[in-house]
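Comments concern the structure below.
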Amino acid sequence: MNAQTKKLRSGFTTGAAAAAAAKAALLLRLTGQAPDTVTITFLTGTTTSIPVRQCRFESPETVCCTVIKDAGDDPDITHGAEIGACVRLEGPSSDTSIRITGGVGVGTVTRPGLEIPPGQPAITPGPLTMITNSIREVLGAHPTNRGIHVEVFVPEGERLARKTLNARLGIVGGLSILGTTGIVRPMSHEAYVATIEKSMDVARAAGMSHLVLTTGRRSERFAQRRWPDLNEMAFIQIGDFFQVAMAAAATRGFATVTLAVFFGKAVKMAQNIPHTHAAKSELTLGTLARWTRERTADRSLADRVAHANTARHAFDPLKAGAPAVIRHVAEMAQQCAEGFAEGRIMARCVIFDYDGSSVVDTRPDWG
């Protein structure tokens, strides 16, 4: 097997690492035995065994353990980083309450527009769920009537965060603890494109003429909920490969395509950006502000958009006060999609809000 066809090794996220460290720490505190490895259940339902790097008692009530983040064959700046958790038993709790906070090296959110409100540690919902589930697994075998406080920490987090976009997003003091499922699935750009193309080949072979293109798991989940009668083969996750996906769909003879996306991606698509990753193209909120000014004559609102931290930050005031701007974004994204397909495909754009409701649909007559 050569380097082109070698299967890439999956890894685990910072969120899974934090869950493993928390599980190890609670096991040591409740049993007196430091585990060499712990088994973690990903949010997909699958499990993995993660080695524990070290454990120590910080006090009679507090134990801290760490693991080493392993991103598999898709390493990012957190690959090899030490991720830890300190677990402390608190006062009596009838339902064994679990409290999760951020410690050294975990960033704090300081601006609106992100999934986490300002003032909270940058630990996203997936990791919070994994940590909670891991703690409850231990309590199932070793019950206690004490509350549990988990403090996640990353010893080198502040240094590593300088290599990320955290500061620009208003996350200060360290890294974000991330992960949708807990699994890092490595994939090069070439492999991702090949997967998109192969998925389209399968859909075409099944006789489909329409595709629903999403940019990730969450938008796909909302799209499948919106169109429950569509065959699952019609839903294709294109990641950031906007231009490539539209060209591939055109080459394979698809007649129609629905873009089912969140506002941030739609704004980039509307500006004819072929690859929509943040590292490849800055989110041009200036253009969005200009569109706002042109369509509303509301300079105050346009100024809010121009100075927004993220597209999500800009989305709420536009949804409330200028839905025509959101519709314009959708129409422009549709137009650019048809352009990347060289006019061989009729496109539609549906923009979801962050709860999964459709805010704009450029072709509602499609059903």
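Structure summary
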{"read-out": "Lys pairs under 20 Å by Cα in the chain, provided they are eight or more residues apart or on distinct chains", "value": "9"}
{"read-out": "Over the chain: Rg over Rh, Cα atoms, Kirkwood Rh", "value": "1.02"}
{"read-out": "For the stretch 250-353: relative contact order, % (alpha-carbon pairs under 8 angstrom, 6 or more apart)", "value": "47"}
{"read-out": "Cys with no candidate disulfide partner in the chain (beta-carbon separation under 4.7 Å rule)", "value": "CYS336, CYS349"}
{"read-out": "Unit charges on C-beta of K, R, D, E only; dipole of the chain, Debye", "value": "260"}
{"read-out": "Stretch gain in nm, segment ARG344-HIS307, where the contour uses 0.36 nm per residue and the Cα spacing is subtracted", "value": "9.6 nm"}
{"read-out": "Average projected area [Cα convex hull, the stretch 11-184], square nanometres", "value": "9.5"}
{"read-out": "In sequence order, calculated HN-Hα J values of the stretch 96-101 (Karplus, 6.51, -1.76, 1.60; Hz; x Gly/Pro)", "value": "6, 5, 10, 10, 10, 10"}
{"read-out": "10 °C / 1.306 mPa s Stokes-Einstein diffusion coefficient of the stretch 189-366, Kirkwood radius on C-alpha pairs, µm²/s", "value": "97"}
{"read-out": "Exposure proxy order (Cβ contacts within 10 Å, fewest to most) of LEU230, LEU114, LEU318", "value": "LEU230, LEU114, LEU318"}
{"read-out": "Efficiency of FRET from Cβ geometry, ARG136 and THR251, R₀ 56 Å, rounded to 0.05", "value": "0.70"}
{"read-out": "Share antiparallel - DSSP beta bridges, the chain, percent rounded to 5", "value": "60"}
{"read-out": "Equivalent-ellipsoid semi-axes of the stretch 110-197, from the Cα gyration tensor, Å, largest first", "value": "29, 22, 12"}
{"read-out": "Antiparallel bridges, percent of DSSP beta bridges restricted to the stretch 189-366 (to nearest 5)", "value": "20"}
{"read-out": "Selection from GLY339, THR276, GLY264, by position along the positive dipole direction of the stretch 189-366 (Cβ)", "value": "GLY264"}
{"read-out": "For the stretch 155-270, alpha-carbon Rg and Dmax in angstrom", "value": "17.0, 53"}
{"read-out": "Extension gain from ASN231 to LYS198, taking 0.36 nm per residue of separation minus the Cα-Cα distance", "value": "10.3 nm"}
{"read-out": "Most fluctuating residue given options GLY105, GLY15, GLY32, as computed from a GNM of the chain linking Cα atoms under 10 Å", "value": "GLY32"}
{"read-out": "Kyte-Doolittle at least -0.5, axis length at least 20 Å by Cα - qualifying DSSP helices, the chain", "value": "14-31, 125-141, 189-205, 323-340"}
{"read-out": "Convex hull volume per residue for the stretch 1-109, taking Cα atoms only, in Å³", "value": "150"}
{"read-out": "Length released on extending from HIS275 to THR31, taking residue separation times 0.36 nm less the Cα-Cα span", "value": "82.8 nm"}
{"read-out": "Alpha-carbon centroid distance for the pair the stretch 7-79 / the stretch 149-205, whole angstrom", "value": "18"}
{"read-out": "ARG168-GLU294 pseudo-label distance in nm [points 7 Å out on the Cα-to-Cβ vector]", "value": "2.4"}
{"read-out": "Alpha carbon Rg of the stretch 181-247, scaled by the compact-globule rule 2.2 N^0.38 Å", "value": "1.11"}
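We did not get these values from a lab; they are worked out from the coordinates using the rules stated. The shown structure was predicted, so the numbers you read here are calculated from the model rather than taken from an experiment. Virtual Cβ from ideal backbone geometry, glycine too; neighbours counted across all protein chains shown.
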